[in-house]
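Engineer: Please read through the structure below; I'll follow up with questions.
The values are calculated or read from the model by the stated rules, or taken from the named source; none is laboratory data. Please read all numbers here as calculations on a predicted model, not as lab measurements. Neighbour counts are summed over all protein chains in view; Cβ atoms, including those assigned to glycine, are modelled from backbone coordinates with ideal geometry. These accessible areas exclude ligands, DNA and RNA; they are computed on the full protein's heavy atoms, side chains included. Shrake-Rupley method; radii C 1.70, N 1.55, O 1.52, S 1.80 Å.
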Amino acid sequence: LDRTVCLWDVRAFGGAGGKKAKPLATLEHGLSVTAARFSHSGDRLLTTCNDDLLRVFAGGKADKDWALQTAIKHNNKTGRYITSFQAEWLRGSDETVVCGSLLHPRGIDVFDASDGSAAERLEHDNVTSVVSLIAQHPTQPVLVASNSGGKCFCWRPEE
């Protein structure tokens, strides 16, 4: 494992003369990375890593200017029988991060990406297992999380 996230310009692949493409930026991590997601604006990159950190990188005006902005402590050791966590940006946001959690009661952790502070926690009595994957409706304020057994849990604002 090389324990990095590389940002590439796909236009440079397979170029004339057989030149080998080089990454625009290489972001170091402590262990293997299980997910990487760009923020809504594309100015930030969120990674989930097996070293128990969610990292937020901020991009600059130049491709090489990507730098670690925030490292959020989060237990990502799901083991072999639970799908690895994949943190996500809250739909349309560059400030809020959501990720499944191993804590009891089971639920979803919500973090502020600027300083890594815990902003909120989504819980419900029906969520009795670890939810690893999160999806969001493209136009409605609905968040769905699933466990390794295929069960889905839906959160939406109260009316």
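Engineer: Per-residue accessible area for residue 33 at 1.4 Å probe radius, Å² rounded to 10?
Structural biologist: Solvent-accessible area, nearest 10 Å²: 50 Å².
Engineer: Of all the accessible heavy-atom surface of the stretch 56-130, with the other protein chains kept in place and a 1.4 Å probe, what percent is carbon and sulfur? List each step's numbers first, then the result.
Structural biologist: Details: 2070 of 4190 Å².
C and S atoms contribute 49 percent here.
Engineer: Name the residues whose placed amide hydrogens come within less than 5 Å of the amide hydrogen of residue 133, ignoring near sequence neighbours (fewer than 5 apart) on the same chain.
Structural biologist: Amide H neighbours of residue 133, under 5 Å, 5+ apart: 146.
Engineer: State log₁₀ I(q)/I(0) for the stretch 45-159 at q = 0.21 Å⁻¹ as given by the Debye formula over alpha-carbon point scatterers of equal weight, solvent excluded.
Structural biologist: With no solvent term, the Cα-only Debye profile gives -1.19.
Engineer: How big is the charge dipole of the stretch 48-115 about its Cα centre, in debye rounded to the nearest 20, if each Lys and Arg gets +1 on its Cβ and each Asp and Glu gets -1 on its Cβ?
Structural biologist: About 300 debye.
Engineer: To continue, here is another question. I'd like to check one number: the per residue accessible area of the chain, probe 1.4 Å, reported in Å² as a whole number.
Structural biologist: Details: 9470 Å² over 159 residues.
For the chain, the solvent-accessible area averages 60 Å² per residue.
Engineer: Top to bottom by accessible area (1.4 Å), largest first, where do 37, 80, 156 land? Working shown, then result.
Structural biologist: Values: 37 65, 80 195, 156 170 Å².
Correct descending sequence by accessible area is 80, 156, 37.
Engineer: Let me ask something additional. Need one number: nm distance between label points at residue 126 and residue 52, each 7 Å from Cα along Cα→Cβ, rounded to one decimal.
Structural biologist: Modelled inter-label distance: 3.3 nm.
Engineer: For the stretch 20-105, take the alpha-carbon Rg, divide it by the Kirkwood Rh, and send me Rg/Rh. All intermediate terms of the calculation are to be shown ahead of the outcome.
Structural biologist: Values: Rg = 13.6 Å, Rh = 13.7 Å.
Reported Rg/Rh, Kirkwood definition of Rh: 0.99.
Engineer: Let me ask you something else. Take the alpha carbon atoms of the stretch 51-107, find their center, do the same for the stretch 120-149, and report the distance between the two centers in whole angstrom.
Structural biologist: Spelled out, the Cα-based centre of one part sits 15 Å from the other.
Engineer: Same structure again: Ranked from the most accessible area to the least, with a 1.4 Å probe and all protein chains present, what is the order of 99, 6? Walk me through the numbers on the way to the answer.
Structural biologist: Details: 99 0, 6 45 Å².
Greatest to least solvent exposure: 6, 99.
Engineer: Right, here's the next one. Given the stretch 78-136, what percent of its DSSP beta bridges are antiparallel, to the nearest 5? Don't skip to the answer; put the middle values down first.
Structural biologist: Numbers: 12 of 12 bridges.
In the stretch 78-136, DSSP labels about 100 percent of beta bridges as antiparallel.
Engineer: What accessible area, in Å² to the nearest ten, does a 1.4 Å probe give for residue 40?
Structural biologist: Counting only protein heavy atoms, residue 40 exposes about 140 Å² to solvent.
Engineer: Provide the solvent-accessible area of residue 10, counting protein heavy atoms only and rolling a 1.4 Å probe, rounded to the nearest 10 Å².
Structural biologist: Probe radius 1.4 Å; accessible area of residue 10 about 100 Å².
Engineer: Nearest 0.05, what FRET efficiency do residue 12 and residue 67 give at R0 = 30 Å with Cβ-Cβ as r?
Structural biologist: 0.85
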